[in-house]
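The next block holds one structure in the form of structure tokens; read it before the comments.
The values are calculated or read from the model by the stated rules, or taken from the named source; none is laboratory data. As the structure is a prediction and not an experimental result, all values here were calculated from the model. Note: ideal-geometry Cβ built from the backbone for every residue, glycine included; neighbour counts use all protein chains shown.
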2 protein chains.
Amino acid sequence: MALSTLKPAIDPAFLEKLQDYYAEHKVIPSYSVLATLWGMSAKSWVSEIVKRFEEARYLDWTPDKQLKPGPRFFERRLTDQPVQAGLPNPAISDGYDLITLDDYLVRLPSRTSLVRVKGDSMIDAGIRDGDLIIVEQQPNANIGDIVVAIVDNEFTVKYLDREKTEFVLKPANKAFPVIRPRGGMEIFGVMAGLARRTR
Amino acid sequence: MALSTLKPAIDPAFLEKLQDYYAEHKVIPSYSVLATLWGMSAKSWVSEIVKRFEEARYLDWTPDKQLKPGPRFFERRLTDQPVQAGLPNPAISDGYDLITLDDYLVRLPSRTSLVRVKGDSMIDAGIRDGDLIIVEQQPNANIGDIVVAIVDNEFTVKYLDREKTEFVLKPANKAFPVIRPRGGMEIFGVMAGLARRTR
DNA sequence: TTGAATACAGAACGATTGTTCGGTATCAAG
DNA sequence: CTTGATACCGAACAATCGTTCTGTATTCAA
């Protein structure tokens, strides 16, 4: 009871409504719009709530003193265990962590880019047509890495392997041939992750 | 000379500066900030430029008459082809420049959570051990959807199917059995995407 | 060389912004 | 039964917003 209630509580429902609004419009609304969004009628109270979000780093300000999403605004719940509806919580944790997908997938923003996968040549590595590969750009790689290489002026995603003295690109699909680029090849980068949208 | 010059020209440099500002702050600035950003000193001229962007659908308005990114705001040239030489352009893949991966993967923040995949039961659907499933929480789903269900107080990712009158959960891996939950099951949500980190 | 666009600047103005401050209702602790 | 938080409402206000209108410099075709 001593230290716990230092910071005022933030209402997750308010945050969720704002996140949904932002997801739809890609903009943080004004205080009066926030008021209706949150079901209030006083801008002064909105101001108070915003200050709490600001302190919790869900919101932030531009150098021009405009409200903008803060560092934690895009955090998502990572649910470990299903929270049973009926059962009382067995006194443990909340059952989830918070992670930001961008931070999770991109660790070196300046060297990272995305490449869309075409075809099924890497199916056995769990890489499907249309997937987005997160690539860390670098001119060399290790045997066994999944690399994005430039062959015939096109991107190719393949395993990097060596045959005798030459590097080759191996698909993860028996129906596809090994690529033996004549006269060297260029490595664009190494796969660091994958993003897929279904639905 | 007749029909061609109906629409006034839009200056790509202005758009790029605004896109850069947005990428940094995740917000569209006010007209006076835009003026300095664009090197002008008259808001009236900003207003004119904005109207052109609006007509070209690079900008749009919220129902609350606030300026927001338009449908084409995140659009860039269609670069499937690798750009040779000094890697001029990171961060892109296809026609759309993703502002964030989070935005790409999450469409309804308040109903979205992440679940970590355990095991290889969905390998043939390109879902591997350790992957993060983006789940849109909802109590029901359609046959054929990949769902996250709660069985024995644990999350399971499977195809939803029906046998006669009962719902069953089908793995995407012949080595695993079909799950026929006795006495009904609870659906946590439907898979909407996937995030994987390698390396 | 004239005229009509185009690309700005600048002032004026009502509307809207976010802040501040004073007030009220609820509720749990002492 | 007080007291002090907490959760709001409502009014007032200066600052800033975006619009509108008038004016000017440049360009370029006729």
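Brief remarks on what is shown
- Number of positions in segment B:39-67 that are crowded, with 18+ Cβ neighbours inside 10 Å and either within 17 Å of A:Glu24 (Cβ to Cβ) or free of Cβ contacts under 8 Å to residues at least 40 places away in the same chain (or both): 6
- Matching residues, segment B:54-78, being more than 16 Å from DNA strand D (Cβ to nearest atom) and among the charged types (D, E, K, R): B:Arg57, B:Arg72, B:Glu75, B:Arg76, B:Arg77
- Within segment B:173-199, if we keep just the residues that are outside any loop (DSSP other than H, G, I, E, B) and among the β-branched types (Val, Ile, Thr), the residue that is nearest to the other protein chains (Cβ to nearest Cβ) turns out to be B:Val190.
- Test result for A:Lys51, more than 10 Å from DNA strand D (Cβ to nearest atom) and part of a strand (DSSP E or B): no
- Residues considered: A:Ile150, A:Ile127, A:Ile134. Of these, the only one that is over 18 Å from A:Pro181 (Cβ atoms), part of a strand (DSSP E or B) and not aromatic (Phe, Trp, Tyr) is A:Ile134.
- Evaluated against (1) in contact with a Lys or Arg (Cβ under 6 Å, 6 or more places away or on another chain); (2) on the phi < 0 side of the Ramachandran plot, A:Gly126 falls short on exactly one condition, (2).
- Conditions (1) outside any strand (DSSP E or B); (2) surrounded by 19 or more Cβ atoms within 10 Å (Cβ to Cβ): number failed by B:Val157: (1)
- Just one of (1) within 20 Å of B:Leu108 (Cβ to Cβ); (2) at pLDDT 95 or above; (3) within 11 Å of chain B (Cβ to nearest Cβ) fails for A:Leu67. It is (1).
- Verdict on A:Ala9 being within 12 Å of DNA strand D (Cβ to nearest atom), more than 9 Å from chain B (Cβ to nearest Cβ) and modelled with pLDDT of 95 or more: no
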